[in-house]
Amino acid sequence: MSTQSTHHSEEKLSVVQVADEIGCHPNTVWNQIRAGQLKAVRFGPRVVRVKRSDLESFLSSYHAAEHSTWLTVKDGLVGR
């Protein structure tokens, strides 16, 4: 693994950055953290960060699943 790849995977993102990146509300990210689905690290009483590698693992688990638990919007209809 190159130094640049290692550095990139160790990048730490805020909850808001994660939400912006995956296109959801920060509360959704918090819910996934609380449910134990997304790993996060607390750096004090108000600072929580998600390692990029943990976010990628979290997302790959949904891409690999045959039936995603995320809601999708297609042609104006919401479905699973």
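The values are calculated or read from the model by the stated rules, or taken from the named source; none is laboratory data. It should be emphasised that the depicted structure is a prediction, and the values quoted were computed from it without experimental measurement. Every residue, glycine as well, gets a Cβ built from its backbone with ideal geometry; the counts of neighbours run over all protein chains shown. Remember, those area values only see protein heavy atoms, side chains included, never the ligands or the DNA or RNA. Shrake-Rupley method; radii C 1.70, N 1.55, O 1.52, S 1.80 Å.
Quick notes on this structure:
- Across segment 23-40, the qualifying residues are those that are more than 18 Å from GLU56 (Cβ to Cβ) and either part of a helix (DSSP H, G or I) or of a type in the set (Val, Ile, Thr) (or both), and the one among them that is most open to solvent (accessible area, probe 1.4 Å) is ARG34.
- For segment 1-20, filtered to residues that are modelled with pLDDT of 95 or more and assigned to a helix (DSSP H, G or I), the residue that is surrounded by the most Cβ atoms within 10 Å (Cβ to Cβ) is VAL18.
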